[in-house]
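Trainee: Structure provided below as C-alpha cells; questions to follow.
Only the coordinates and a few stated rules stand behind these numbers; no lab work does. These numbers come from a predicted model, not from an experiment. Cβ sites come from the backbone with ideal geometry, for glycine too, and all protein chains shown count toward neighbours.
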Amino acid sequence: MGEVGLWLRWTWRDLSARWVQVAAIALIIALGSGVYAGMSSSAVWRRANYDASYAALQVHDVRVSLAEDTYVDAGTLRAAAGAVEHPELLAAVEERLIVGTQVDASTAEEQILVPGRIVGVDATGGGPMIDRLHVRAGRGLDGADGATAVLDDHFAEHYELPPTGTVAISGGTEVAYAGLGFTPEYFMIASDQGSFLAEAGFAVLFTSIEDAQELTGHAGEVNDLVVTLAEDADAAEAARELEVALTAALPDAALSVTSIDDDRLYRMMYDDIEGDQRLFNIFAVLIMAGAAFAAFNLTGRIVEAQRREIGIGMSLGVPRWRLAVRPLLVGVEIALVGVLLGIGVGLVVGRVLSAVSEEFIPLPIWDAPFLPMVFARGILLGLVLTVVATIYPVWRAVRVDPIDAIRTGPAAAHQSRLVQLVGRLPLPGTSVWQLPVRNVARSPRRTALTALGIAAAIATLVAVIGMVDSFLATVDRGEREILGDTPDRIDVRLDFFYLEGSEQVAAISAIDGVAAADTTLAVGGRLGSGDDAFDVYLGVMDLDSAVWHPTIDEGVVEADEPSIVISQKAAEDLGADAGEVVPFRYPVREGVGYRFVDGEVRVAGIHPNPYRFLAYLDRSHAGMLGLEGIINVVSVVPERGADTDALVRALFEQPGVASVEPVDAAAQRIRDLIGEMVDYLNVVRGAVLLLALLIAFNSSSISADERARDHATMFAFGLPTRAVLAVSVAESFLVGVLGTAIGVTSGLVLLRWLITVLLPGTMPELTIDVEVTTATLATAGILGIVAVSLAPLLTLRKLRHMDISSTLRVVE
Amino acid sequence: MALIELTGVARRYDTAAGIVTALEGIDLRVDAGELVVVLGPSGCGKTTLLNLIGALDTPSEGTATVGGRELTASTRQDLFAYRRSTVSFVFQTFNLFPSLTALENVRFGADVAGRHDAPAIAREVLERVGLGQRLHHFPHQLSGGEQQRVAIARALATGNPILLADEPTGELDFHTGVQILALLQAQAIAGRAVVVVTHNREIARAADRVVELSGGQLLSDGPPEGGRVEASSLRW
C-alpha cells in the first residue's frame, strides 16, 4: 500500500508540474472520446425516438390510396376493407380525403403562396385514432370555435406564422386554423415533386373529413384509407388481402396498397439514421485519431523528460517493469481524467445533436438519453488509445542502456543519417533564423507526431466543410440546369390532366404579364429492375422548347422511337449509356386513370442535372403512355419587368390551378435542406476547431518547455523576447505548414471517399460533385498554419518571466 | 578605466520563507586584460554575482557599471543590447543549440552581436580553439571538452570585451579542464576581462586576481597565493 501511495504521489507531482499541458491533453482525450461516444450513440437514440414517436401517434400499418383524382363515396373503402379474407388481421380502419390545393398564407410583409394539401381525417371522438395529430401549438380538431383546421407546424414555423390564423386555399376559400401540428406521415415534409424538407414550399392543412369534403367540393367522398393491424399480424399478408378486397369492390379504380415499410418518407427517415451514423462514425474516429496522436505526442514527451530518472533507476538496479510503472501510471491518469471529462463532452454532443435533430425533424418524442454501453465503449477506446500511446515511448525509454539515459545534454540525442543530412543542408539567413528549420528537421519523430495531430484535425475539417461545399456546388449545378435561360419562369401545376388546347391552358397563357408558356405532362415512373430500381419524375415535354428544355450532354433524341433523357446518376446506377435500353415502369392511360406497365425504353441522352429522379420524354412520344395531348403543368415566362408576385397571384386564381411555384423556389428548398444538414456538420466543425486549437496550444506549450534552455541561452546572448518568440513562431509555422499540407491532402482524399463511396448509399438520389472552395482551404490554412503559428504567443508570459539563470544551470 | 565596477551591491530575494540575502555590500572592479576567479562554496553568491554583471539579474541595492553602462538605470531593452555588445557567457552545461553544428553555434554568437561576415569569424574562432576539423559536427557528436570549447568559441565570436564563465570546467575531466583554462587565460592576455566562477581552489591559481565570497559577502580580493601560474601547471 505504501508503495502504491508513493507511485500515486509521485505521478500526481508529475502531472501537477505540467498541469496546463495535462489539462489540455485531458481535454483533447475528452473531446475525442466524448465526440465518439456522443456521435456513435446518435443512431440508438434516434431510432428509439422514431419508434416511440410513431407508436405514440398510432402510425398506420397499411395504407390504401386511390389514384390521383379518383374518389369514392365515404364508407366504400371501409366496407371493402371489412371484406378481407381474414378480418381479424385488421385492428382499425379510418377513411380520409386527401386533396391537393394551393395555400395562400401571405402576411403583410410577405407573399406566401405555395402548393399544399388538405388532409381530411376522422375527427370524431378526439380522432383521428390512426395517424394521430400531434398538436404543437393551439388546439386540435376538437374545438368549437369555428376554426376548421390545424396547419402543418413545419410550414408555420418556417414562415413564423402564429398558432391561430387564416389561410386561403384554391378558389380563394378562407380556412381558419386553430393550431399547429402534424401527423406521423408529416414528421418530415415532402412535396408532390418528391423533394424532402419541403416545408418552405408545401403546406398541409389537417381538417375533419367533413370539412375537407366541403372545402374541396368532394361532398361525401374519400380517397384514402389507413389501417392498423392486430398484434402479430403479417403486414404483407394484410396488404395483399386488402388489395384483393378493394380491387374486387372497386374494379374501375386504380389504387395502391402499401405497408408503412414501403412508405418513402418512413423508410428514408430510418435509412437516414444509418447513413448519418456512418458519417458520424467516420468523423468520430478521425477526431479520436487526432486526440490519440496528441496523447501519444504528450505522453512521449513526458516520458522523455523522465529519461534521466529512468536511467538513474536502471543504474540502481530497479527492474525495467517497475521503472515503467510511473510513466504508464501518468498516461493512465491522464486518460482517466480525459475520459471522465469525455462523458460530459459526450452528453453535450448528444444534446446538441438531439437539438439539431429536433430542429430538423420535430418529433413528438425527442430525448438523447445517457447510453451507458455506448459511452463505456467511448471511454474504453479513449483509455486504450491513450495507454497504448504511452506504452510505446515507455518501452523505448526503458530499453536504452543506463549510461545513455543518464547522459546529459545533446549527447543523449541520436540522429539518423537522413536527419543529419537534412540538418546540414545550407540555409540562407543568420543562424538565429536557421534554428527553426534545424529544430524541425532534427526531431522528425516529434515533428511528425505534432504535424499528424494537426493533420487529423485539419483533414476532418476539410472533409466536413468540403462536404458542405460539395453539396452547395451540386445545388448550384442543379439550379443552373433548372433555371436555364428563363430563371424567372413559373411552373403552374394543374389540378388534373387537361388537353393541351384546353381553355384552362389558354387562359393561363393569356394572363397579362405572361410572355411565353409551354406545357408538360408530369408523371411518375420507375427505372431499373429489382432492388436497384428507383422512382423517376418523368416530364413529357417539347425537348426543344423555347421556354425551357433540359440540356442533353450525351446522345441524341431520335424522332422515330420513344426514348428518354435521364440524369448522369441514373445512367451510372443503371449501368447504361446513351443508346442503350433500360427497364422502365411507366403509367399508361386506362379509362379516367392509368395503370403501370413494366417495359423497356431506350436512353436517348444524359442531362447534367445532379438529381437522379429527373427524366424527360419528348412529347412526340407521349403515345407510349397513351397520353398524347394531355398535360398537367404549364411553364410560364413572365414578361420583362412584370410583377412576379402579382403574376403568381393571378395564376393562382385561375380555374384548374393546383399550385404556382417559381422554379427558383425548388432550388431554394434544396438550399434549405443543405442548410439543415450544415447544422449537423457544424457540431463536428465545432469539435474539430476546438481539437485543432488544443493540439496547437499543447504543441506550443510542450515545445516552449523543451526549448527553455535554448531560449534562456538566446536571452543570455542578448536576443530580445520578440526575437525568441519569433523563432518559436517560425518553428510552429513550419510544423503548421507540414500538418496543414498533410491534413488538406488527407482531407481531400477523405472527402472524395466520403462522396464517391459512402454517400451514394446514403443519398442515392444525387450525383455530388467533389468541390472544395477557396474559403474552405483558407479556413484550413488559417487554423492549421496561422493558429498553430501564433500559438507560441500564448507562451509570451512564460518567456518574459523566465528565470534565465536557473534555466541555464538546469542539468537535464 | 575599469570594465566592471560594482559598488555596494546587494541582492536580496523575497521568498516564502522571508528575505534571503544572496549578496551584501559587494565592491568589485575588474579591468580589461584581467582574469578574475570568483571562489567560494556552493550558495555563497558566486553565480548571483555573475548574473548581476551579465545583467541577467538586477541588484537590490548599489550600482553596477559595466562597460561604461550603469546597469541599474538601464531599461529592459538596454540590457538586451548590453548583453549583445558587452558580455558573453560560458556555462557549466555548455548550453549549445543541439540542432546547430559547431560552426553554426559559434556563428550564432557573431550573428547576435551583429558582426559582419559571421561565418568567417566563426570558422576562424573555431580554428583558434582547436576545432578546425570539427566544424560540421553536431554537439552530440562532440566530447564534453569539445563542446565547452565550442561554447567558448561562441562567446569569443561575439567580440565582446567581457567573458563570464560559470563553472566552465565543472563537467570536464582534469585534462580537458586545463585546456579550457588555458583558453580563458589566453583571452585575458588578449585584452578581455574574464570572470570565472568556480568552487575549485586550484583553478584560482591561474587567475590574475581571486575574489573569495562567503555567505554573500566578499572575504578577500587579491592575487592568488604564490602568484599566478600557467594553466598547464595546475593539478586537481
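Trainee: Over 28 Å, how big is the tail of the calculated P(r) for chain B, in percent of all Cα pairs?
Mentor: Details: 8059 of 27730 pairs.
Value for chain B (Cα pairs over 28 Å): 29 percent.
Trainee: Right, next: From the gyration tensor of the Cα coordinates in segment A:686-812, what semi-axes in whole Å does the equivalent ellipsoid have, largest first, with each one equal to sqrt(5λ)?
Mentor: On the way: eigenvalues 351, 31, 22 Å².
Three semi-axes, in Å: 42, 12, 11.
Trainee: Other chains near B:107-114: what is the mean number of their Cβ atoms within 10 Å of each residue's Cβ? Walk me through the intermediate numbers first.
Mentor: Numbers: counts 4, 9, 2, 2, 8, 9, 2, 2.
Counting Cβ atoms of other protein chains within 10 Å of each residue's Cβ and averaging gives 5.
Trainee: I would also like to ask the following. Taking the Cα atoms of segment A:644-746 alone, what are Rg (to one decimal) and Dmax (as a whole number) in Å?
Mentor: 28.2, 91
Trainee: From the C-alpha gyration tensor of segment A:227-316, pull out the three semi-axes of the equivalent ellipsoid (sqrt of 5λ each), sorted largest to smallest, in whole Å.
Mentor: Numbers: eigenvalues 917, 39, 7 Å².
One finds semi-axes of 68, 14, 6 Å for segment A:227-316.
Trainee: Would you please name the chymotrypsin sites (Phe, Trp or Tyr not before Pro) within segment A:491-532 that are DSSP coil residues with at most 15 other C-beta atoms within 10 Å of their C-beta? Mind dumping the intermediate values first?
Mentor: Values: sites: A:F496, A:F497, A:Y498; in loops: none.
Hits after loop and neighbour filter: nothing returned.
Trainee: Continuing with the same structure: In µm²/s, what is D for segment B:12-83 at 20 °C and 1.002 mPa s, where D = kT/(6 pi eta Rh) by Stokes-Einstein and Rh is the Kirkwood radius from Cα pairs? Write out the running numbers ahead of the final one.
Mentor: Numbers: Rh = 13.5 Å.
The estimated diffusion coefficient comes to 158 µm²/s.
Trainee: Quick one: compute the contact order of segment A:564-684, relative version, from alpha carbon pairs under 8 angstrom and 6+ residues apart, as a percent. Intermediate results must be reported in sequence, preceding the final value.
Mentor: On the way: 122 pairs, mean separation 27.6, N = 121.
Normalised by residue count, the contact order of segment A:564-684 is 23 percent.
Trainee: Can you pull out the chymotrypsin sites (Phe, Trp or Tyr not before Pro) in segment A:3-72 whose DSSP state is coil and whose Cβ has at most 16 other Cβ atoms within 10 Å? Write down the numbers at each step before the final one.
Mentor: Numbers: sites: A:W7, A:W10, A:W12, A:W19, A:Y36, A:W45, A:Y50, A:Y54, A:Y71; in loops: A:Y71.
In loop regions of segment A:3-72 (DSSP not H, G, I, E or B), there are no sparsely surrounded chymotrypsin sites (Phe, Trp or Tyr not before Pro).
Trainee: Next up: Summarise the long-distance tail of P(r) for segment A:738-812 by giving the % of C-alpha pairs beyond 22 Å.
Mentor: On the way: 1479 of 2775 pairs.
For segment A:738-812, the fraction of Cα-Cα distances above 22 Å is 53 percent.
Trainee: In vacuo Debye scattering of the protein assembly as shown, one point per C-alpha: log10 I(q)/I(0) at q = 0.04, 0.09 Å⁻¹?
Mentor: Results for the protein assembly as shown at q = 0.04, 0.09 Å⁻¹ read -0.36, -0.99.
Trainee: Roughly how big is segment A:559-605's charge dipole about its Cα centre, with Cβ charges of +1 (Lys, Arg) and -1 (Asp, Glu), in debye to the nearest 20? If you can, show how the numbers build up before the last one.
Mentor: Working: 5 positive and 9 negative charges, 55 e Å.
Dipole magnitude for segment A:559-605 comes out near 260 debye.
Trainee: Right, next: Using per-residue counts of other Cβ atoms within 10 Å, averaged over each peptide, order B:131-142, A:627-638 from highest down.
Mentor: Details: B:131-142: 17.3, A:627-638: 20.7.
Descending mean neighbour count gives A:627-638, B:131-142.
Trainee: Two decimals is fine: what's Rg over Rh for segment A:290-361, C-alpha atoms, Kirkwood radius as Rh?
Mentor: Values: Rg = 19.3 Å, Rh = 14.9 Å.
Radius of gyration relative to Kirkwood radius: 1.29.
Trainee: In whole angstrom, and with the biggest value first, how far do the Cα coordinates of segment A:238-377 range along each principal axis?
Mentor: 98, 28, 22
Trainee: Report Rg(Cα)/(2.2 N^0.38 Å) for segment A:57-108, keeping two decimals. Mind dumping the intermediate values first?
Mentor: On the way: Rg = 15.5 Å, N = 52, 2.2 N^0.38 = 9.9 Å.
My calculation over the Cα atoms of segment A:57-108 gives 1.57.
Trainee: To continue, here is another question. Ranked highest first by average number of other Cβ atoms within 10 Å, how do B:206-214, B:64-72 line up?
Mentor: Working: B:206-214: 21.3, B:64-72: 17.9.
Packing proxy ranking, top to bottom: B:206-214, B:64-72.
Trainee: While we're here: Sorted from fewest to most neighbouring beta carbons within 10 Å, what does the list A:L758, A:L691 look like? Walk me through the numbers before you get to the answer.
Mentor: Values: A:L758 15, A:L691 27.
Going from sparsest to densest Cβ surroundings: A:L758, A:L691.
Trainee: Per DSSP H run of at least 4 residues, take -39500 (n - 2.57); add these up for chain A, divide by its residues and hand me the 222 nm value, nearest 500 deg cm²/dmol.
Mentor: Working: 25 runs with 405 residues, N = 812.
Per the formula, -16500 deg cm²/dmol.
Trainee: Moving on to the next point. Taking 8 Å as the Cα distance limit and 6 or more residues as the minimum spacing, I'd like the relative contact order of chain A as a percentage.
Mentor: Values: 1520 pairs, mean separation 143.2, N = 812.
Worked out over chain A, it gives 18 percent.
Trainee: Among A:A692, B:I4, B:V211, pick out the residue whose Cα is farthest towards the positive end of the charge dipole of the protein assembly as shown, where Lys and Arg carry +1 and Asp and Glu carry -1 on C-beta, about the Cα centre.
Mentor: Positive-most Cα among the choices belongs to B:V211.
Trainee: Quantify how strongly other chains surround peptide B:83-94 by giving the mean number of their Cβ atoms within 10 Å of each of its Cβ atoms. Before the final figure, lay out the partial values.
Mentor: Values: counts 6, 4, 1, 1, 3, 3, 5, 0, 7, 3, 8, 5.
Mean partner-chain Cβ count within 10 Å for B:83-94: 4.
Trainee: Along the Cα→Cβ direction, 7 angstrom out, place labels at A:E359 and B:S220. What is the inter-label distance in nm?
Mentor: The modelled label-to-label distance comes out at 8.3 nm.
Trainee: Find the all-direction average of the projected area of the Cα convex hull for segment A:193-263, expressing the result in square nanometres with one decimal place.
Mentor: That works out to 7.1 nm².
Trainee: If N is the number of residues in segment A:489-629, what value comes out of its Cα radius of gyration divided by 2.2 N^0.38 Å? Mind dumping the intermediate values first?
Mentor: On the way: Rg = 15.3 Å, N = 141, 2.2 N^0.38 = 14.4 Å.
Dividing the Cα Rg of segment A:489-629 by 2.2 N^0.38 Å gives 1.06.
Trainee: Above 27 angstrom, tally the Cα pairs of segment B:82-209 and express them as a % of all pairs, no decimals.
Mentor: Values: 872 of 8128 pairs.
That tail contains 11 percent of the Cα-Cα pairs.
Trainee: Another question, then. In percent, what relative contact order does segment A:1-146 have, based on Cα pairs under 8 Å that are 6 or more apart in sequence?
Mentor: 18 percent
Trainee: What shape does segment A:111-230 have by the C-alpha gyration tensor, where a ≥ b ≥ c are the square roots of the eigenvalues, rounded means a/c under 1.5, and otherwise prolate means a/b greater than b/c and oblate the rest?
Mentor: In terms of gyration-tensor shape, rounded.
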